[in-house]
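Report on the structure given below.
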Amino acid sequence: MSPFGSPNVERLREKSNVQGLIKALNYQKAWQVRAEAAEALGGLNDQKAVPSLIRLLQQDTDSNVQVAAIQALGKLGDARAVEPLIDSLKKANPDLQEKAIQALGKLGDPRAVESLITLLEFRRDQPYQHFVVQSTAIQALSKLKDPKAYEPLVDLLKIRSERNEIKWVQRRAAEALGESGEREAIQPLIELWKDTHTPILPQEMRNLGDIQANQTLMKSIEQALGRLGAVEQLLQLIAEKDQTELAVEVLHQILQQHTDDVTTEDLRSIFRLDKVVQRLEKLVTSSATNGKQAKPSPRYEERVVDCSHVKRLAQQELIKRGLSA
């Protein structure tokens with residue numbers, strides 16, 4: 001309940017009293033009143049409130065009020081708010097940064113790109129909250145569709161860390177790159193995909209969070225490769241007998257969800273797949289000689305991988321296009 005004598009924000013909102021709400025932004029006895037007034041102004045879609053909301057963001061010392069001002073400016077969509085919102089990214093408050101990023105994503109102004117890219121810099125000791133900020137920044141950059149963001153996003157795919165939080169960030173990066181059409185991301189996506197796909201063995205005491213983080217990241221990578229039309233690279237993996245099972249799995253995803261993006265030539269190449277095998281490396285230790293244990297040496301085995309379901313989908317698409325295999 002608002003303190004006695006304070007502005008009745010709800011009544012001002014109901015009457016669409018913009019001037020009354022702007023005046024309530026200056027009420028210093030209760031931060032709740034200022035925050036509620038800012039929220040109400042964001043919902044009234046009146047650009048007269050923009051200067052007052054910017055001033056509130058820049059001058060009010062209460063972070064709750066600042067967040068309300070940011071969200072209101074994001075809803076109003078006025079370009080005058082861009083620079084003040086960019087300045088908010090410099091504040092050491094992750095919640096404030098996250099809300100400012102979301103508002104900048106709504107505004108869609110390219111002036112925000114460089115500042116958003118700066119937030120993507122990875123530090124191994126960074127706190128949990130910064131991963132949230134980075135994920136939100138990637139989503140905003142994806143909306144802005146500026147090519148300057150592609151290289152920093154690809155760089156995120158190259159990070160290897162045991163922290164599950166980086167996998168959340170990489171998932172967002174994979175999704176953004178998949179939507180971007182940036183084919184330079186294909187090889188880094190495949191490399192991350194290889195490193196992420198580790199068998200879950202019964203004797204391994206891996207927690208549920210590890211498993212879920214890996215599975216979610218794998219799915220996002222597969223979808224990104226599908227959107228980027230990575231069929232040629234996947235067929236190359238199959239030809240080299242490298243990560244064949246994974247390549248077949250992603251080809252299946254592509255043919256199920258992104259068939260329109262697959263060329264006729266690639267469809268025919270998939271249909272003509274014959275004996276698909278996975279090369280497996282095993283380290284074998286020879287018997288001891290002269291009392292010394294021999295060093296393990298690699299030995300390769302091959303296992304046939306079923307790809308009939310992939311060939312069937314390729315054939316169906318070729319028939320749908322009125323073509324022969």
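Could you grab me the full set of residues in the stretch 47-93 that are touching a Gly at 6+ places or on another chain (Cβ under 7 Å) and buried (at least 18 other Cβ atoms within 10 Å of the Cβ)? Explain how you work it out, then say what you get.
Taking the stretch 47-93 first, the residues touching a Gly at 6+ places or on another chain (Cβ under 7 Å) are 71-72, 75-76.
Hits for the stretch 47-93 are 71, 72, 76.
Name the single residue that is modelled with the lowest pLDDT among those in the stretch 250-298 being within 33 Å of the chain's Cα centre (by Cα) and of a type in the set (Ser, Thr, Tyr).
Selected residue: 259.
Tell me which residues, restricted to the stretch 146-168, are in a helix (DSSP H, G or I) and either of a type in the set (Ser, Thr, Tyr) or farther than 23 Å from residue 109 by Cα (or both).
We begin by selecting, within the stretch 146-168, every residue in a helix (DSSP H, G or I); these are 147-157, 164-168.
Answer for the stretch 146-168, where residues must be in a helix (DSSP H, G or I) and either of a type in the set (Ser, Thr, Tyr) or farther than 23 Å from residue 109 by Cα (or both): 150, 155, 156, 157, 164, 165, 166, 167, 168.
Any idea which of 121, 165, 114 is modelled with pLDDT of 90 or more, touching a helix residue (DSSP H, G or I) at 6+ places or on another chain (Cβ under 7 Å) and under 30 Å from residue 66 (Cα atoms)?
On the way: 121 fails: touching a helix residue (DSSP H, G or I) at 6+ places or on another chain (Cβ under 7 Å); 114 fails: touching a helix residue (DSSP H, G or I) at 6+ places or on another chain (Cβ under 7 Å).
Sole residue among the options that is modelled with pLDDT of 90 or more, touching a helix residue (DSSP H, G or I) at 6+ places or on another chain (Cβ under 7 Å) and under 30 Å from residue 66 (Cα atoms): 165.
State all residues of the stretch 240-256 that are touching a residue at least 24 places away in the same chain (Cβ under 8 Å) and either outside any loop (DSSP other than H, G, I, E, B) or within 13 Å of residue 306 (Cβ to Cβ) (or both); if no residue qualifies, say none. Explain how you work it out, then say what you get.
First pass over the stretch 240-256, keeping only residues touching a residue at least 24 places away in the same chain (Cβ under 8 Å): 241-246, 248-256.
244, 245, 246, 248, 249, 250, 251, 252, 253, 254, 255, 256 - these are the residues of the stretch 240-256 that are touching a residue at least 24 places away in the same chain (Cβ under 8 Å) and either outside any loop (DSSP other than H, G, I, E, B) or within 13 Å of residue 306 (Cβ to Cβ) (or both).
Report, ordered by the first and then the second residue, all pairs with beta carbons closer than 6 Å, sequence separation of six or more or different chains, a first member in the stretch 211-238 that is within 22 Å of residue 311 (Cβ to Cβ), and a second member that is modelled with pLDDT under 90 and crowded, with 24+ Cβ neighbours inside 10 Å.
These pairs meet every condition: 222/250; 225/250; 226/254; 234/247; 234/250; 237/247; 238/247.
For the stretch 23-31, state whether one or more residues are surrounded by 13 or more Cβ atoms within 10 Å (Cβ to Cβ) and basic (Lys, Arg).
So the first thing to find is which residues in the stretch 23-31 are surrounded by 13 or more Cβ atoms within 10 Å (Cβ to Cβ), and the list is 23-27, 30-31.
Then drop every residue that is not basic (Lys, Arg), which leaves 23.
Yes; the residues of the stretch 23-31 include at least one that is surrounded by 13 or more Cβ atoms within 10 Å (Cβ to Cβ) and basic (Lys, Arg).
Can you list the helices (runs of 4 or more DSSP H) found entirely within the stretch 5-59 that contain at least 1 residues being within 13 Å of residue 69 (Cα to Cα)?
Values: elements: 9-14, 18-24, 31-44, 50-59.
Qualifying helices (runs of 4 or more DSSP H): 18-24, 31-44, 50-59.
The values are calculated or read from the model by the stated rules, or taken from the named source; none is laboratory data. Note that the structure is predicted; figures quoted are calculated from it, not measured. So basically every Cβ, Gly included, is an ideal-geometry build from the backbone, and we count neighbours across all protein chains shown.
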